[in-house]
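Presented below is the structure to which this report refers.
The values are calculated or read from the model by the stated rules, or taken from the named source; none is laboratory data. Bear in mind that the values here come from a model prediction, so they are computed numbers and not experimental data. Neighbour counts run over all protein chains shown; Cβ positions are idealised from the backbone, glycine included. When the accessible area is computed, the model is the full protein with side chains, heavy atoms only, and any ligands, DNA or RNA have been set aside. Shrake-Rupley method; radii C 1.70, N 1.55, O 1.52, S 1.80 Å.
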Amino acid sequence: MLVAAAACPCPPLLVPEVAAGAAPELDAARAACDEALAALLAAEPDLVCVIGEGPRATVHEPGARGTFRPFGVDLDVHLGAPSDATEATLPPSLSVGAWLLARAGWTGDVRGYEVTGDGPAFDPSEGGAERVALLVMGDGTACRTLKAPGYLDERAAGVDAAIGAALRDLDADGTLANLDADLARELKISGRAPWQLLSAAWDKRDGTGRLLYEDAPYGVGYFVASWT
């Protein structure tokens with residue numbers, strides 16, 4: 001049974017050590033993530049599934065390692081308890097998710113689901129847990145300003161507004177479920193597949209959705225939402 005979900009952005013800059021002197025710029029986003037993770041853990045899940053986009057579709061078992069060394073910081077993270085894993089296999093999205101879980105103090109069972117842009121479906125109950133929570137990592141458009149990674153695209157603000165509303169309203173109108181793949185590629189949206197998995201898995205349409213953060217620092221749409 002899916003008992004809670006949190007949607008968080010996944011830029012490595014969310015990690016203060018990576019952001020360095022620019023860290024205060026994302027303090028509000030970090031505080032919102034902390035609130036969303038607190039609500040997720042308050043639902044007392046047996047298993048947390050972390051979902052994020054990467055170059056391949058695969059499942060990462062507990063103890064899988066991620067690293068922020070490519071971003072100039074000697075910092076490693078693990079899904080759950082540290083292991084003896086020598087190879088860093090987590091993509092950045094799941095590494096940020098692992099960092100958030102550790103920051104929240106989660107010590108229970110966890111698995112990572114790396115999905116490609118096309119995002120295959122998965123059954124969140126497949127791990128055998130009775131109470132499952134989803135930590136869904138993804139960013140909105142990267143085209144909100146002239147200095148954004150994808151430059152300025154006039155469509156971006158409207159698309160991000162629709163994504164924010166869908167995350168607030170438990171995707172009641174199917175915005176996330178039907179987000180166009182070509183549009184997502186054009187606007188450099190990394191959250192499409194993870195959000196679609198969230199929408200497909202969530203069967204508590206009478207639940208409560210809260211949009212805790214919505215902004216576009218660096219010209220990229222970041223959202224934090226809590227579904228309980």
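For the reader, a short list of remarks on this structure follows.
- Region 174-197, subset in a loop (DSSP other than H, G, I, E, B) and in contact (Cβ under 8 Å) with a residue 60 or more places away in the chain, residue least open to solvent (accessible area, probe 1.4 Å): Gly191
- Taken together, the residues in region 1-16 that are surrounded by 15 or more Cβ atoms within 10 Å (Cβ to Cβ) and closer than 30 Å to Asp206 by Cβ amount to 9.
- Of the residues Arg144, Arg69, the single one that is closer than 26 Å to Glu214 by Cβ, at pLDDT 95 or above and either over 19 Å from the mean Cα position of the chain (by Cα) or of a type in the set (D, E, K, R) (or both) is Arg144.
- Given (1) surrounded by 22 or more Cβ atoms within 10 Å (Cβ to Cβ); (2) part of a helix (DSSP H, G or I); (3) among the hydrophobic types (A, V, I, L, M, F, W, C), index of the condition Ala38 fails: (1)
- Each residue in region 42-57 was checked for being open to solvent by 40 Å² or more (accessible area, probe 1.4 Å) and either in a helix (DSSP H, G or I) or in contact with a Ser or Thr (Cβ under 9 Å, 6 or more places away or on another chain) (or both), and 5 of them qualify.
- Any hit, region 17-32, residues being closer than 25 Å to Glu130 by Cα and either open to solvent by less than 60 Å² (accessible area, probe 1.4 Å) or not in a strand (DSSP E or B) (or both): no
- Test: residue in region 151-173 that is open to solvent by less than 40 Å² (accessible area, probe 1.4 Å) and at pLDDT below 95: no
- Summed over region 76-96, the residues that are open to solvent by less than 40 Å² (accessible area, probe 1.4 Å) and either touching a residue at least 60 places away in the same chain (Cβ under 8 Å) or not small (Gly, Ala, Ser) (or both) give a count of 9.
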